């Protein structure tokens, strides 16, 4: 034939010989040779008038298609369909492959349109076009048309070869659209399908649906069916991982480890991995915010692994859980355990929290030691300054006034301190000076601080200065200062009430009983307890009773 094509290229026989040679090339898989000779023939104006020309176009289209050259294949499939008007299997197949070409080059809208033509023109049991068209719609995020195509195929072609694949894709689409009920129906149907290739995949989908809805035991049951019914399936690995996760979320990793023992797979987890599993389960309970259950899980882990790598972290979580339910003594003990086990990420936070709880419980010596430790180990300026403030407050509470004053003076001069912390340091310095007998230094600081009575420090400083005036018998100045504080609109009602009690006392000391009574009663009638252990109501009641007993 090649010789004939070289010696008589214009003859009909030569053209037909070349045409049949392209067919042979195609059948033998010599697609490049088929393309070269086919394009030569397609360029022959005379050959384009032959009936074989349409089949040559199809030959070229399939040759390019088999070489994954989809743009060129698309051009020849389109040319074939334009030159062939008869509706037959060749046209159907060409339309499907044209759609495939558009799909492969990413033109999903044109792909969907061509698949739709197949669906509309050819009513057979082959639902490939429906399936591919649905995939194209999905890639365009058009889930309405995707579900419509898949649903129609499932409803009308239950015997089609692609039926299981289509039903599985429909279920996956329902999952994407958060329609768990419809998705579950699809996957449950596939469990009874004669095609077992989707069995384990459907079980996996059902397990994940139940996992996402919080039905953890049902999810575990589906995972176990995968392991039991299809032990060689690829999904077994995912099933084991999913099952482990569900047991951890249930806070029961021991049951998963027992399941591994039953399967003879206990050696798949090292002792370290088992320890980590149990810790992770306890951690999940802690992170869920269920403090009581977290305490149980964490104590179980601590008792099981008293030398474990996660012991310090477990004690920290335990302390936080105790703290959350108000068991501060237990929290402090757990923080202390964390501090003794860990010198890293958790020790700093544990030391700070232990110090703060100890201080709040009145255990000032322990608080002082912890704050000093915090100063030494703190990695941040913020925590270091918290330690320094706590040390100052602990020294003051322990009546170590010289040390408290020294701490306060250093803090007050430190630019790294927050303004409110500097005020706190100045306040402690003032009160320490009072105890140490340096009233002039104390008065200067108190006067500066009470210039702002919006916070508790400023209001208390005003009260201390008024108390000093009262003790000195300067009652008129007491009256003047109390009214000035009232007019300042300070929100610190506790200290304002305490000042009015002093005012009432100053009236009583001057035998101005009616004014004293009126002052006490105004506090009684207008004051609501505003601080813990508020002593104002008790002080007012005591004074009014005293006036009553005196007949005043």
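What follows draws every value from the coordinates through simple rules; no lab data is involved. Predicted model, so just to flag it, every value in this text is computed and none were measured. Here the Cβ positions follow ideal geometry from the backbone for every residue, glycine too, while neighbour counts run over all protein chains shown.
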Fill in: Spin-label proximity, residue 451 to the stretch 385-418 - amide N less than 18 Å from point 7 Å beyond Cα toward beta carbon
412-414
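Could you give the length gained on full extension between residue 376 and residue 69, defined as 0.36 nm per residue of separation minus the Cα-Cα distance, in nm?
Working: separation 307, 0.36 × 307 = 110.52 nm, distance 6.99 nm.
Answer, rounded to one decimal: 103.5 nm.
At a Förster distance of 51 Å, what's the computed FRET efficiency of residue 541 paired with residue 303, Cβ-Cβ distance as r, to 0.05? Don't skip to the answer; put the middle values down first.
Values: r = 52 Å, r/R0 = 1.02.
Calculated transfer efficiency: 0.45.
Compute the length gained on full extension between residue 121 and residue 104: take 0.36 nm times their separation in residues and subtract their Cα-Cα distance, giving the result in nm to one decimal. Present the calculation step by step, with values, prior to reporting the outcome.
Details: separation 17, 0.36 × 17 = 6.12 nm, distance 2.27 nm.
This chain segment gains 3.8 nm when fully extended.
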Fill in: For 105, 220, order by how many other beta-carbon atoms lie within 10 Å, fewest first
105, 220
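So how do 345, 457, 464 line up by other beta-carbon neighbours within 10 Å, fewest first?
Working: 345 12, 457 22, 464 19.
With the fewest neighbours first, 345, 457, 464 line up as 345, 464, 457.
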Worksheet item: For residue 221 and residue 113, FRET efficiency with R0 = 41 Å and r from the beta-carbon atoms, rounded to 0.05?
Response: 0.40
Item to complete: Arrange the following residues from fewest to most other Cβ atoms within 10 Å of their Cβ: 218, 341, 159.
Response: 159, 218, 341
Worksheet, complete the sentence: Measuring from the longest principal axis of the C-alpha atoms of the chain, the long axis of helix 475-487 (C-alpha) lies at a number of degrees, nearest 10, equal to 20 degrees
Response to the item:
Tilt, helix 345-360 to longest principal axis of the chain (alpha-carbon atoms), in degrees rounded to tens, equals 30 degrees
Worksheet entry | the stretch 195-269 - Rg and Dmax from Cα coordinates, angstrom | 11.8, 37
Discussion item. Using alpha carbons only, how many angstrom separate the centre of the stretch 43-118 from the centre of the stretch 439-474?
Written reply: 96 Å
Discussion item. When a/c reaches 1.5 or more, the comparison of a/b and b/c decides; with that in mind, is the stretch 452-552 rounded, prolate or oblate per its Cα gyration tensor?
Written reply: oblate
Practice prompt. Report relative contact order for the stretch 230-388 in percent, whole number only (criteria: Cα-Cα under 8 Å, sequence separation at least 6).
Written response: 12 percent
Discussion item. On C-alpha positions alone, give me the angle between the axis of helix 108-121 and the longest principal axis of the chain, in degrees, nearest 10.
Written reply: 50 degrees
Worksheet item: Can you give me the relative contact order of the chain as a percent, contacts being Cα pairs under 8 Å and 6 or more apart?
Response: 4 percent
Worksheet item: Does the stretch 44-134 come out rounded, prolate or oblate by the C-alpha gyration tensor, with a ≥ b ≥ c the root eigenvalues, rounded set by a/c under 1.5 and, if not, prolate when a/b is larger than b/c and oblate if not?
Response: oblate
Discussion item. If I take every Cα pair under 8 Å that is 6 or more residues apart in the stretch 164-294, average their sequence separation and divide by the length, what percent do I get for the relative contact order?
Written reply: 15 percent
Fill in: Mean ellipticity per residue at 222 nm, deg cm²/dmol - from DSSP H runs of n ≥ 4 across the chain, formula -39500 (n - 2.57)
-24500 deg cm²/dmol
Item to complete: Using only C-alpha atoms and all pairs of different ones, pull out the Kirkwood radius for the chain in Å with one decimal.
Response: 32.9 Å
